[in-house]
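The values are calculated or read from the model by the stated rules, or taken from the named source; none is laboratory data. All values reported here derive from a predicted model rather than from experimental measurement. Using ideal geometry, Cβ is built from the backbone for each residue, glycine included, and neighbour counts are taken over all protein chains shown.
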Amino acid sequence: MEPRTITVHSGEQTAELEIYPDLGMPTFLQQLDSLHFLPSSSCWFVVDGQRVLLESEEDIDTHLKENTAVWLVSRGAGRASTALIDLYLPNSFAEQFLNIYRRFRFQRSRSPPQSYIRLDRELIQTASDFLMTCKPASLASARDWVPRDIARQMEGHTVKEFLVILLEWFHSSTTFVKTTPCVRCGSVTVSQSNTVQPTEEEKRVGVRNVELHRCQTCHADTRFPRHRDPTAIIANGRRGRCGELSILFTTVCRALGLEARLVTDLNDHIWTEVFDDALGHFVHTDPCENTVDTPLMYEKGWGKTQQLVVAVGMNHCTDVTPRYTEHYERAVSDPRWPRRYVCHVFTSRVGAYVQSRVTINDADQERLATFVRRDLTALRHGALERDDSGEYRPRQSGA
Ligand SMILES: [Zn+2]
């Protein structure tokens, strides 16, 4: 099934998303409905290059014919942003498209489903974490931290080979924290399910929430601020769980000039991927587990049922689930997340979100786009060279 690429323009931003016309109306409708982030007070279509305002069904009948390229333009009153969606529709779609348009225009639901809201929130948080890895101060801290003799080994090794060396050093230089010892008596603590608000000082360095770890002996609570700023993570002893360690490792890679991004299963784990030019795709790298290029470890070793795995990198956000499961059909039909066509809308939006917050030059943008394209091609065509020789082990680092 070949997806069709649609370009969404929103203000200065452009993002691409994919639609799958072959899969019929309900999903396509869902996709259109999910565009709740677009201002919607009025809609235009551009038919064969001319913008027409469609206000009645007669207008629709007059202007929309089969075989036309259609652009749906939604522009909010009093707002500068314009959203433009290019829809290239096959013949059989025209009639159904009119129905979509009518529902989209006149019967849009007032609020999106909970799963949409949750996906949106999780992706934006991951994007915000990724942005931490791009800050000049973060990159400077990482550069200062990496020993010269480690960095020097980039020469003469492929990216994947170097990642093994770098991660070995990283793993021995960081501490995975399941729970912190009691501040009062030093005994073992248990993490509480609730979190508390960070202090003003913690907020200033990007802490989003603070866990409480309760002492099993004296019952005192020890605070465990979840740091996201790489400089703060280094300053606080290079310790944490998958969040802290993946942010820090991604920053280290970026500081060394590698194209690294954060990958989340939107459940309880986050790790890093780094583009390897020799392999032609992004390479799975787990800073908590000290493993490189073993993407099936979560499914085969940890016994996870993968649902949706998303990468957030420089100016892009991509569904990378196929790399992490041998049961892709099962993953895409999982009801806990919106259908994939809807997910594409959200990932496109998050790519634009990152793009609006970092500036890179045209040459780097071009190089990056090539990387993302090559990786997507590898994912789509199953051309992933998975290193499937090793034994898969259960989770070492804890949830
Ligand atoms: Zn205690």
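Which ones in segment 324-338 are more than 13 Å from V310 (Cα to Cα) and among the small types (G, A, S)?
S333
What is the one condition in (1) touching a residue at least 60 places away in the same chain (Cβ under 8 Å); (2) of a type outside the set (S, T, N, Q); (3) in contact with a His (Cβ under 7 Å, 6 or more places away or on another chain) that V207 does not satisfy?
(1)
Can you tell me how many residues within segment 185-217 are in a loop (DSSP other than H, G, I, E, B) and either assigned by TED's automatic domain parsing to the domain that holds M132 or within 16 Å of the ligand (Cβ to nearest atom) (or both)?
To start, the set of residues in segment 185-217 that are in a loop (DSSP other than H, G, I, E, B) comprises 185-188, 197-199, 205-209, 216-217.
Now drop any that are not either assigned by TED's automatic domain parsing to the domain that holds M132 or within 16 Å of the ligand (Cβ to nearest atom) (or both), which leaves 185-188, 216-217.
Qualifying residue count, segment 185-217: 6.
Across segment 129-139, what is the number of residues that are touching a residue at least 60 places away in the same chain (Cβ under 8 Å) and part of a helix (DSSP H, G or I)?
Residues meeting the conditions: 7.
Specify which of the listed residues (H327, H344) is crowded, with 21+ Cβ neighbours inside 10 Å and of a type outside the set (F, W, Y). Steps first, answer last, please.
Values: H327 fails: crowded, with 21+ Cβ neighbours inside 10 Å.
Checking each option against the conditions leaves just H344.
Check Y392 against each of (1) of a type in the set (F, W, Y); (2) assigned to a helix (DSSP H, G or I); (3) modelled with pLDDT under 90 and name the one condition it does not meet.
Here Y392 clears every test but (2).
Go through segment 174-184 and report how many residues are loosely packed, with under 14 Cβ neighbours inside 10 Å and away from the ligand (no atom under 12 Å from the Cβ).
2
Looking at segment 294-324, which of its residues are surrounded by fewer than 22 Cβ atoms within 10 Å (Cβ to Cβ) and either within 17 Å of T133 (Cβ to Cβ) or small (G, A, S) (or both)?
G301, G303, N315
Output the strands (runs of 3 or more DSSP E) that fall wholly within segment 258-349 and possess 3 or more residues being of a type outside the set (V, I, T), or say none. So that I can check it myself, show each step before the final result.
Working: elements: 260-264, 270-276, 281-286, 310-313, 316-319.
The qualifying strands (runs of 3 or more DSSP E) are 260-264, 270-276, 281-286, 316-319.
Just to check your reading of the model, which residue among A232, A278 is surrounded by fewer than 19 Cβ atoms within 10 Å (Cβ to Cβ) and of a type in the set (A, V, I, L, M)? Don't jump to the end; show me each part of the working.
Numbers: A232 fails: surrounded by fewer than 19 Cβ atoms within 10 Å (Cβ to Cβ).
Going through A232, A278 in turn, the sole match is A278.
I'd like the full set of residues that are touching a Pro at 6+ places or on another chain (Cβ under 8 Å) and hydroxyl-bearing (S, T, Y), limited to segment 189-198.
Within segment 189-198, T189 is the sole residue that qualifies.
Given (1) of a type in the set (K, R); (2) within 16 Å of the ligand (Cβ to nearest atom); (3) assigned to a loop (DSSP other than H, G, I, E, B), where does R223 come up short, assuming only one miss?
Unmet for R223, out of (1) of a type in the set (K, R); (2) within 16 Å of the ligand (Cβ to nearest atom); (3) assigned to a loop (DSSP other than H, G, I, E, B): (3).
If H284 satisfies every condition in (1) within 15 Å of V372 (Cβ to Cβ); (2) crowded, with 22+ Cβ neighbours inside 10 Å but one, which is the exception?
(1)
Is it the case that segment 247-257 has a residue that's within 16 Å of the ligand (Cβ to nearest atom) and closer than 29 Å to Q307 by Cβ?
No: segment 247-257 contains no residue that is within 16 Å of the ligand (Cβ to nearest atom) and closer than 29 Å to Q307 by Cβ.
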